[in-house]
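Only one structure is covered here, and it is reproduced in the block below.
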Amino acid sequence: MFKTLQRRLTQVGAVVGTGLLAVALANPAQAATGVTPDPAPAKATTAAVPYEAVGVDTARALSLAEIKSRGLTEYVDLDSYRSTKPVRSNGGGAAPTARNDFAAAPEAASGCWSHDFRSSGTDQLYGTGHADWCGNGTAITYATSTCSGDEASWIPTYKYLSCAVTPGFGVGFNVYDVAAKWDLCALFVPIWGNCTSHGRPASHYRYGPNGEVWLMSQTPA
């Protein structure tokens, strides 16, 4: 229902949106509550390829100037820092198991990376996620993440409601996990401040100490 409403509202704009609002006023429904179950694993792909910008899903290496301006110098080895392009695998089956037993960790050049991604949805209603992390080639040395979202102001029934990020592992481990969930409303009734059609997409990414990005799972709205 959520995706169908999105397509119809996007095609005809505010006129249809107003019509749907009138229908909702005549037949109010109870707002959905709760969260979706954990997303199912994505199909594994073992080949890692250079991560280029694809639409709104982008990952890149931070420059040395950015590292200094963000106050991240304590997390990297500036003498051996190399700006290396991130690589991505399209499934959780290619990702390593989390561990933190690095008593004899090999030396490696340090690096920092940034990843921006979106939830499923449309250009008019979507959630966003962001992660920054640094690694020494073996372990994560710095990790942070955030989430947000947006809706089209010209579609009165579209509403970005909320998001939540659940980080996992990170500093001292060989991977950093970011699980983001969003609450998107395709049929919002402003008079009541109530949503009658929720979409709750979710994305789970895993990041490695050499700039790796693995899409572990993804749930559509």
Legend entry - Count - residues of region 134-161 that are of a type in the set (S, T, N, Q) and not in a loop (DSSP other than H, G, I, E, B): 5
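Do we have S145 as in contact (Cβ under 8 Å) with a residue 40 or more places away in the chain and touching a strand residue (DSSP E or B) at 6+ places or on another chain (Cβ under 6 Å) here? First the steps, then the outcome.
Values: in contact (Cβ under 8 Å) with a residue 40 or more places away in the chain: no; touching a strand residue (DSSP E or B) at 6+ places or on another chain (Cβ under 6 Å): yes.
The answer is no for S145.
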Inset, instruction - Could you check, for region 128-140, whether at least one of its residues is free of Cβ contacts under 8 Å to residues at least 60 places away in the same chain and open to solvent by 50 Å² or more (accessible area, probe 1.4 Å)? - result: no
Inset, instruction - For residues that are touching a helix residue (DSSP H, G or I) at 6+ places or on another chain (Cβ under 6 Å) and open to solvent by less than 80 Å² (accessible area, probe 1.4 Å), tally how many sit in region 152-171. - result: 3
Inset, instruction - Please identify the pairs in which a residue from region 157-174 that is touching a residue at least 60 places away in the same chain (Cβ under 8 Å) and of a type in the set (S, T, Y) has its Cβ atom under 7 Å from the Cβ atom of a residue that is open to solvent by less than 50 Å² (accessible area, probe 1.4 Å) and in a loop (DSSP other than H, G, I, E, B), counting only partners at least 6 apart or on another chain. - result: T157/A186; T157/L187; Y158/Q124; Y158/A152; Y158/A186
Inset, instruction - All but one of (1) open to solvent by 20 Å² or more (accessible area, probe 1.4 Å); (2) outside any loop (DSSP other than H, G, I, E, B) hold for W182, so report the exception by its number. - result: (1)
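The values are calculated or read from the model by the stated rules, or taken from the named source; none is laboratory data. Since this is a predicted model, take the numbers as computed values, not measurements. Cβ sites come from the backbone with ideal geometry, for glycine too, and all protein chains shown count toward neighbours. We work out accessible area using only protein heavy atoms, side chains counted, and drop any ligands, DNA or RNA first. Shrake-Rupley method; radii C 1.70, N 1.55, O 1.52, S 1.80 Å.
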